[in-house]
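Below: one structure, written as C-alpha cells.
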Amino acid sequence: MPAISLKRQLLNRSPGGLVHQRSREVIHSTGGIMRGKFPSRKTGRLVHYEGLLERDAIYLFETSPLVESFAEQPERIYFPDGNKLRRYTPDFVLDLHDGRRVLVEIKPARSLQQPDVRHKLDCVAAELGRTGQTFLVLSEADLRQQPRLDNLKWIYQHASMRVVSFMQSRTAMESLAGGFPMTLDAASHALTMHGVEPFGLLLDGWLQCDLSEPVNFDTPVTLSMESDHEWFRIAPKYGF
C-alpha cells in the first residue's frame, strides 16, 4: 500500500500551503481564455490555471497517486532557435512518486497543428533533452478521456481537503481489509469510525475503482496492491 509523503502531510498542516511564485504573471486578460484558481488538496493552496484544459489537467494531477506534487508556471527556460535565444515557461512541473521531475505543456490539439507552435515545442524539447530534463505535451486526447475525467472530478469534489496520515490510513485499511470489495456508500459508512473517507483514500492510492464506467455511490472499490497502487495513468509512455 502507498505511503503519503511527509512533504504532503506538512503542506496540509499549513493553511497557506506551499509558497509558490509563478515565473510568468498574466498582466492583462486577453481573448476568450478562462482563468481561475483551483483549490488544491495536494499543495494546500490555490493553483492558477489559464484555460479549461489546464483546469482539467489539474484534476488529473490531483487525483493521480503517482503525482506527488505539482506547480504551475514553475520556471523560465531559454532555448536556441537558429541564431536567436528565446524564452519559454512550462505550464506545470510535476514531482512524481518515484522521484522524477517532469515539465509539462498543455496544448489543444488544434494548436499543435500550427507549424510555428510545433517548431517552438520541438526546440524546447531538444534543449530540455540536452540537459537531461523530461518534457511532454498533453492535449485533450490525453486529458479528456471519458468517462474517466468526469469520474475523477466527481471523486475529487467528494473528497475532504484534509489529507490524513499514513498511519491512520493504514490502520483503517487493515481493520477493513476483509470487507473489500464494497460499494463507495458502504465504505463511507464503514470508514467513518476511523476518521477517514473512501474518496480521499482513492486519491492517495489506498483504494481503486473502475474508471471505465460512470462512478457513483454504488460503485465497488477494492484495495490497492503495493506493486500496483496507481489506478490510472496520465501519460503511460512516461510511466505515470
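Some notes on this structure:
- Residue check, L211 within 17 Å of T63 (Cβ to Cβ) and without any contact (Cβ under 8 Å) to a residue 60 or more places away in the chain: no
- Only one of L85, L121 that is among the aliphatic types (A, V, I, L, M) and out of contact with any helix residue (DSSP H, G or I) (no Cβ under 9 Å at 6 or more places or on another chain): L85
- Matching residues in segment 79-93 - criterion: being touching a Leu at 6+ places or on another chain (Cβ under 8 Å) and touching a residue at least 40 places away in the same chain (Cβ under 8 Å): F79, P90
- Residue that is at pLDDT 95 or above and either among the small types (G, A, S) or farther than 26 Å from V102 by Cβ (or both), where the choices are H194, H158: H158
The values are calculated or read from the model by the stated rules, or taken from the named source; none is laboratory data. Remember, predicted model here, so these are calculated numbers, not experimental data. A quick note on method: Cβ atoms are made from the backbone with ideal geometry, for glycine too, and the neighbour counts reach across all protein chains shown.
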